[in-house]
Amino acid sequence: MKRTRNSKRQAALNLPTIQLEGSLFLPDQLEKAAQGRATDQTEVDYGVPKGVKLKDEYSRSFQIAKAQWQHFAAQMERTDLDAYRLTVGFVSELKRPGFRGGSNTGEWSHEEVPEVFP
């Protein structure tokens with residue numbers, strides 16, 4: 001991964017989809033993560049079954065999330081359905097065990113959001 005230097009002598013990554021602003025992420029750490037050299041980035045760390053590559057699991061999870069989003073977006077267009085319940089259902093699906101975005105520790109819980117915001 002090629003690193004470039006800008007006029008302020010600050011390290012920047014050669015990733016066209018990422019632009020670093022401020023100092024929330026350190027360029028060196030982001031570079032390690034992008035290259036797969038950061039800690040806790042192995043198949044074992046993510047609980048991926050033996051014989052399955054992390055890249056394959058990323059692709060699988062993305063396809064599932066994309067299909068869920070398409071269904072959710074179509075449902076949100078309807079006026080006869082409760083948007084809050086649809087949203088909770090959508091997030092619950094993303095957090096269910098077995099989907100890599102979710103937790104394997106049990107049922108997802110949420111707090112009620114007040115209907116009136118200050």
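The values are calculated or read from the model by the stated rules, or taken from the named source; none is laboratory data. Not measured: the values here are computed from a predicted model. Methodologically, a virtual Cβ is constructed for each residue, glycine included, from the backbone with ideal geometry; neighbour enumeration extends over all protein chains shown. Accessible surface areas use protein heavy atoms only, side chains included; no ligands, DNA or RNA. Shrake-Rupley method; radii C 1.70, N 1.55, O 1.52, S 1.80 Å.
Among the residues of segment 35-44, is any open to solvent by less than 100 Å² (accessible area, probe 1.4 Å), in contact with a Ser or Thr (Cβ under 8 Å, 6 or more places away or on another chain), at pLDDT 80 or above and not small (G, A, S)?
No: segment 35-44 contains no residue that is open to solvent by less than 100 Å² (accessible area, probe 1.4 Å), in contact with a Ser or Thr (Cβ under 8 Å, 6 or more places away or on another chain), at pLDDT 80 or above and not small (G, A, S).
Select from segment 32-56 the residues that are within 23 Å of I18 (Cα to Cα) and part of a helix (DSSP H, G or I) and list them in ascending order.
Hits for segment 32-56 are K32, A33, A34, Q35, L54, K55, D56.
Among S59, S7, S23, which is the only one that is surrounded by fewer than 13 Cβ atoms within 10 Å (Cβ to Cβ), modelled with pLDDT under 65 and either in a helix (DSSP H, G or I) or not aromatic (F, W, Y) (or both)?
Sole residue among the options that is surrounded by fewer than 13 Cβ atoms within 10 Å (Cβ to Cβ), modelled with pLDDT under 65 and either in a helix (DSSP H, G or I) or not aromatic (F, W, Y) (or both): S7.
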